[in-house]
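A short reminder: the numbers here are calculations on the coordinates, not readings from a lab. The structure presented is a predicted model; accordingly, all values stated were derived computationally and were not measured. Here the Cβ positions follow ideal geometry from the backbone for every residue, glycine too, while neighbour counts run over all protein chains shown.
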Amino acid sequence: MSNDQAEGPSGGVLIVDFGAQYCQLIARRVRELGVYSRITVPERAMFTLEHMRPDAIILSGGPRSVYEHDAPALDPAILGKGLPVLGICYGLQWLAQHTGGRVLPAQSGAEYGRTELHVLEATGLLEGVRDGGVVWMSHGDKVAELGPGFEVLADSEPCPFAVVGDRARRFYGLQFHPEVAHTVDGARMLENFVLRVAQCRVDWNPGSIVDDKVAAVQKLVGESGEVVLGLSGGVDSSVAAVLIHRAIGTRLHCVFVDNGLLRAGEREGVEELFRDHYHMDLTVVDASERFLGELAGVSEPEQKRKIIGRVFVEVFKEKAKELRDAKFLGQGTLYPDVIESVAAHGGATSTIKSHHNVGGLPKDLDMTLVEPLRDLFKDEVRAIGRELGLPSSLVDRQPFPGPGLAVRCLGDVTREKLAPLRAADAIVREEIEKRDLHRNLWQYFAVYVPQKSVGVKGDARVYEDVCVLRMVSSQDAMTADWELLPVEVLRRISSRILNEVKGFARVCLDISSKPPATIEWE
Ligand code: XMP
């Protein structure tokens with residue numbers, strides 16, 4: 001399945017992805033305006049356009065040159081649909097080239113970084129945009145000549161055609177990136193295009209599409225179809241489960257695999273919420289012996305991950321076979337996963353790695369996928385979760401990696417190490433959450449570092465390992481900053497871990513940002 005199939009709401013903005021680093025950001029910015037947006041690859045743009053019937057088109061940036069013979073191919077007929085078009089960077093160059101203009105390599109070579117925008121016409125697309133504001137450029141080519149109908153709306157020192165437009169046809173182009181935060185008034189320009197130039201309807205509200213999603217699941221699964229879903233207790237699979245359950249009730253069978261690498265209280269929390277509260281058909285498979293057995297003696301991080309991924313698939317497949325009537329597989333796949341997979345398998349984006357969730361299941365399960373969240377971003381899934389009545393403790397919870405505590409337990413994974421790690425992690429969470437400090441944190445957890453050091457507990461000498469505290473803020477986990485909690489909270493956490501948890505002689509604080517460090521330790 002591709003990301004630009006015939007599903008999803010109609011109207012809104014169609015974004016053609018020429019391989020931009022920031023394409024998802026454009027889609028998010030548009031949705032934040034209350035307007036639906038969807039990304040498509042150039043080859044499928046006309047197909048998607050027919051099904052989606054958008055109100056406007058945005059052409060993204062991209063790493064290629066429009067005059068290369070194998071540059072991403074978009075059918076120029078898209079310009080004949082009478083829709084407003086905004087070209088960004090490469091998108092502008094493509095637009096210029098197909099409307100009688102000319103594109104050449106930038107004379108002084110590539111132009112990267114900040115430059116000031118000189119606004120000539122502060123109306124329409126540039127209404128309210130400040131003269132002299134910084135914009136963010138990143139391009140190797142530039143427009144040398146405009147086709148008939150176009151005029152310059154703003155220029156900059158290195159770039160005479162920084163903003164151009166053909167008002168009659170509602171075609172506009174920006175040589176810089178309005179979607180990045182460094183571009184002053186960039187959000188304003190996108191808003192002007194979407195709401196003023198294109199006059200898109202402001203009717204996108206993720207919470208309001210619950211009924212549509214439920215109806216779509218009912219249509220796909222039919223009157224008697226059965227769905228199996230791997231429930232991890234994370235936001236995505238939980239929201240997917242509640243949504244599918246609302247659609248088909250007890251014909252949804254959830255499988256929760258206890259891999260022995262869970263945090264304290266996790267399994268019980270899932271049982272309580274989904275079985276006791278939602279009355280779902282939930283099977284809990286205790287596979288901890290099997291996972292820990294396969295992991296015994298393995299200390300290389302990638303190997304640990306591979307084993308956990310493989311065993312998960314094996315366990316899940318066995319369970320799915322028992323539910324033989326289930327022809328459908330429910331998954332909490334999100335839009336960024338879909339876009340990344342499509343890009344990695346032939347789309348225009350060259351830089352993004354293929355999506356690899358530990359929960360990703362192989363094709364030979366031979367089941368039809370039910371993925372009600374596949375056109376949504378994470379914050380939109382949270383909004384739907386709230387709409388469905390899921391508690392904030394679940395909807396707003398911190399991410400927890402598929403391989404669980406194994407990537408926070410350095411070296412080989414044993415029950416003897418997992419027990420103190422789990423206890424320390426519970427203390428970290430409790431002390432942070434009861435003070436509401438987690439609202440500003442992306443993740444907060446404990447790490448087990450098997451390095452012995454000497455301590456004294458009571459009157460006795462101990463020789464025990466290190467517990468590291470990791471607290472980070474982040475927008476999207478691509479980059480992260482370490483965060484400092486109030487000293488009295490750190491003191492309390494440290495004292496509780498050293499006094500209540502057997503196995504640690506020392507508590508240390510990780511003050512590494514990402515990059516160069518990663519959030520997890522393995
Ligand atoms: P790193 O450690 O690479 O992590 O900075 C970035 C984000 O991804 C989470 N993470 C994972 N999630 N399977 C997952 O589902 C994994 O194998 C995995 N490894 C890391 C991590 O918790 C952080 O939020």
Subject >> Relative contact order [Cα under 8 Å, 6+ residues apart], the chain, whole percent >> reply: 11 percent
**OP:** Just grab the label-to-label distance for Ser495 and Ala181, each label 7 Å out from Cα along the Cβ direction, in nm (one decimal).
**Re:** 3.6 nm
**OP:** Specify the angular offset, from 0 to 90 degrees and rounded to the nearest 10, of the alpha carbon long axis of helix 23-32 from the longest principal axis of the alpha carbons in the chain.
**Re:** 90 degrees
Subject >> Rg to Rh, two decimals, where the chain supplies the alpha carbon set and Rh follows Kirkwood >> reply: 1.02
Original post:
With no solvent and one point per C-alpha, what does the Debye sum give as log10 I(q)/I(0) for the range 45-90 at q = 0.24, 0.27, 0.30 Å⁻¹?
Top reply: -0.98, -1.13, -1.24
Subject >> Kirkwood Rh in Å, taken over the range 174-251 so that all alpha-carbon pairs contribute >> reply: 15.9 Å
**OP:** Can you quote the Å³ per residue value for the convex hull of the Cα atoms in the range 206-395, rounded to an integer?
**Re:** 132 Å³
**OP:** Pick out, from Gly91, Leu243, Leu174, the residue whose Cα sits farthest towards the positive end of the charge dipole of the chain, with +1 on the Cβ of Lys and Arg and -1 on the Cβ of Asp and Glu.
**Re:** Leu243
Subject >> Built amide H within the under 5 Å cut-off of Ile15, gap 5+ >> reply: Arg38, Ile39, Thr40, Ile58
**OP:** Return the whole-Å distance between the Cα centroid of the range 209-238 and the Cα centroid of the range 1-78.
**Re:** 27 Å
Original post:
Which angle between 0 and 90 degrees, to the nearest 10, do you get for helix 487-500 versus the longest principal axis of the chain when only C-alpha atoms count?
Top reply: 40 degrees
**OP:** Mind pulling the angle between the C-alpha long axis of helix 301-322 and the longest principal axis of the chain? Nearest 10 degrees, somewhere in 0 to 90.
**Re:** 90 degrees
Original post:
For Leu509, which sequence-distant residues (separation of 5 or more, or a different chain) have an amide H within less than 5 Å of its own amide H, given hydrogens modelled in the peptide plane?
Top reply: Leu469
Original post:
Arranged from highest to lowest average of other beta-carbon atoms within 10 Å per residue, in what order do the peptides 308-319, 255-266, 49-60 appear?
Top reply: 49-60, 255-266, 308-319
Original post:
Hey, with R₀ at 22 Å, roughly what FRET efficiency would Glu318 and Lys378 work out to, going by the Cβ-Cβ distance, to 0.05?
Top reply: 0.10
**OP:** Pop a pseudo-label 7 angstrom from the Cα along the beta-carbon direction at both Ala215 and Arg435 and give the gap in nm to one decimal.
**Re:** 4.9 nm
Original post:
If only Cα atoms are counted, what is the Rg of the range 82-135, and what is its Dmax, in Å?
Top reply: 13.5, 36
**OP:** Could you list the residues of the range 292-327 with an amide nitrogen less than 13 Å from a label point located 7 Å from the Cα of Arg415 in the Cα-to-C-beta direction?
**Re:** 292-293
**OP:** In whole angstrom, note down how far apart the Cα centers of the range 254-296 and the range 169-202 are.
**Re:** 47 Å
Original post:
In what sequence do Phe400, Phe504, Phe176, Phe274 fall when counting other Cβ within 10 Å, fewest first?
Top reply: Phe400, Phe274, Phe504, Phe176
**OP:** Divide by every residue of the chain the summed helix terms, -39500 (n - 2.57) for each DSSP H run of at least 4, and state the resulting mean residue ellipticity at 222 nm, rounded to the nearest 500 deg cm²/dmol.
**Re:** -8500 deg cm²/dmol
Original post:
For the pair Leu120 and Glu157, how long in nm is the line joining their label points, each one 7 Å along Cα→Cβ?
Top reply: 2.0 nm
Original post:
If the chain between Met46 and Met478 were fully stretched, how many nm would it gain, using 0.36 nm times the residue separation less the Cα-Cα distance?
Top reply: 152.3 nm
